[in-house]
């Protein structure tokens, strides 16, 4: 499965700067400034991103509760991008108000391409504590934007995140699991978080860009043609 490069130029005649680290750092910094200004968030506050369909299995309540219950996250903001059943969305709003964190949770709704790009590039950590995800394309999109991801073992891509150190993985069934502490641990080291993001960007470009997939398919077809040549 391929993903569209989040840093691709809007003008198809332009080319991407080959200095990936420079382009990514500049793009993320600019997106974060703009995003915090739009949402009236203090520049010093970390931003967590949830970008997926709003459904009970995705674990949004876990993130909201972690934000309310974890003292070290008392300045963190949560951006919720996506839509779902109106009744469920209302229940999430009510939960945030009940927990006293409504001012730190931003419901962005369904995002258009440019808005999604800004959310992915401008956030500090992508969080998806889902009970079940067959793949998790939103995780790949986050990693491609240099956004480290904290996912559950229910997300099919959790092995990749763990193996390549592209964020963190939690087991929702483990008694010792504490989502708030896991988020805090990742946010506590900005340098490590940035390094994870750079690595995530490089990995997705190498393995999941359409260019890399086309090259791989070309190699496979060439091998098959070679094997099927008449002797």
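Derivation of every value follows stated rules applied to the coordinates shown; laboratory data play no part. What you see is a predicted model, and the numbers here were worked out from it, not measured in a lab. All Cβ positions, even for glycine, are placed from backbone atoms using ideal geometry, and neighbour counts span all protein chains on display.
At 7 Å along Cα-to-Cβ for each site, give me the label-to-label distance between residue 110 and residue 176 in nm.
Placing both labels 7 Å beyond Cα along the Cβ direction yields 4.3 nm.
Between residue 39 and residue 191, what is the FRET efficiency for a Förster distance of 30 Å, r being their Cβ-Cβ separation, to the nearest 0.05?
In this case the efficiency is close to 0.75.
Rule-of-thumb check for region 20-228: C-alpha Rg over 2.2 N^0.38 Å?
In units of the 2.2 N^0.38 Å rule of thumb, it is 1.07.
In what sequence do 159, 5, 192 fall when counting other Cβ within 10 Å, fewest first?
By the 10 Å Cβ count, ascending, the order reads 159, 192, 5.
Taking neighbour counts of Cβ atoms within 10 Å as a proxy for exposure, in what order, fewest first, do 23, 139 appear?
23, 139
Please find the FRET efficiency linking residue 25 to residue 225, where r is the Cβ-Cβ separation and R0 is fixed at 35 Å, and quote it to the nearest 0.05.
Calculated value: 0.25.
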